[in-house]
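Shown next, in structure tokens, is the structure this report addresses.
Every number in this text was worked out from the coordinates using simple rules, so none of it is lab data. Treat the numbers as computed from the prediction; the structure is a model and nothing was measured.
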Amino acid sequence: MIKAILIFNNHGKPRLIRFYQYFAEDMQQQIIRETFHLVSKRDDNVCNFLEGGSLIGGSDYKLIYRHYATLYFVFCVDSSESELGILDLIQVFVETLDKCFENVCELDLIFHMDKVHCILQEVVMGGMVLETNMNEIVAQVEFQNRMEKSEGGLSAAPARAVSAVKSMNLPEIPRNINIGDINIKVPSLSPF
């Protein structure tokens with residue numbers, strides 16, 4: 001089972017964090033720092049998996065990672081997962097991101113976090129691998145994008161609200177409002 005998925009840049013700044021087991025926020029930050037120090041100090045010519053850090057389970061867990069350009073993709077898994085299978089899963093995830101964003105970069109993970117999380121949920125949910133076929137994942141993401149566009153999505157909400165107000169059949173704005181002994185004069189809203 002996958003315990004955590006961490007993506008951080010060469011400087012240790014987290015770009016995507018997903019824990020599938022509860023850790024307090026300060027513990028999560030310590031795990032991220034420890035994982036970055038373990039992974040970033042390794043040479044490029046050594047294998048891409050190592051024993052988990054002391055904070056995330058020690059020898060019972062493995063850190064499996066790939067380093068692409070400025071990003072480290074790290075999966076923390078238990079002993080039931082295959083190291084080579086997870087390396088392949090990381091490759092599928094990165095290729096899917098690359099296909100969805102057309103040459104994915106660190107900024108895509110920052111500015112399109114919702115889409116990245118959506119893609120990740122198509123691949124892994126609750127620490128279990130759901131899908132490894134990149135074409136199926138991309139098809140589901142494109143289907144969701146079409147659904148959002150057909151429904152207008154959140155980006156179209158302000159325009160729909162303005163058109164709804166304009167289409168309302170409101171009577172002329174009252175000039176004087178009388179409430180008992182109180183008389184309120186409404187100023188004219190026209191600029192002239």
With a ≥ b ≥ c from the Cα gyration tensor eigenvalues, square-rooted, and the rule rounded for a/c under 1.5, otherwise prolate when a/b > b/c and oblate otherwise, region 1-138 is rounded
Apply the a/c threshold of 1.5 to the C-alpha gyration tensor of region 1-66 and tell me whether it is rounded, prolate or oblate.
oblate
If amide hydrogens are placed 1.01 Å from N in the peptide plane, which non-local residues have theirs closer than 5 Å to the one on Tyr68?
Phe73
On a straight-distance basis, which aspartates and glutamates could pair with Lys62 in a cross-link, Cα separation under 13 angstrom, same-chain partners fewer than 8 positions away excluded?
Glu51, Asp78, Glu81, Glu83
Using θ = phi - 60° and the Karplus relation 6.51 cos²θ - 1.76 cosθ + 1.60, list the HN-Hα couplings for region 73-88 in order, rounded to whole Hz, with x at every Gly or Pro.
9, 10, 10, 9, 10, 8, 6, 7, 8, 7, 4, 5, x, 5, 4, 5
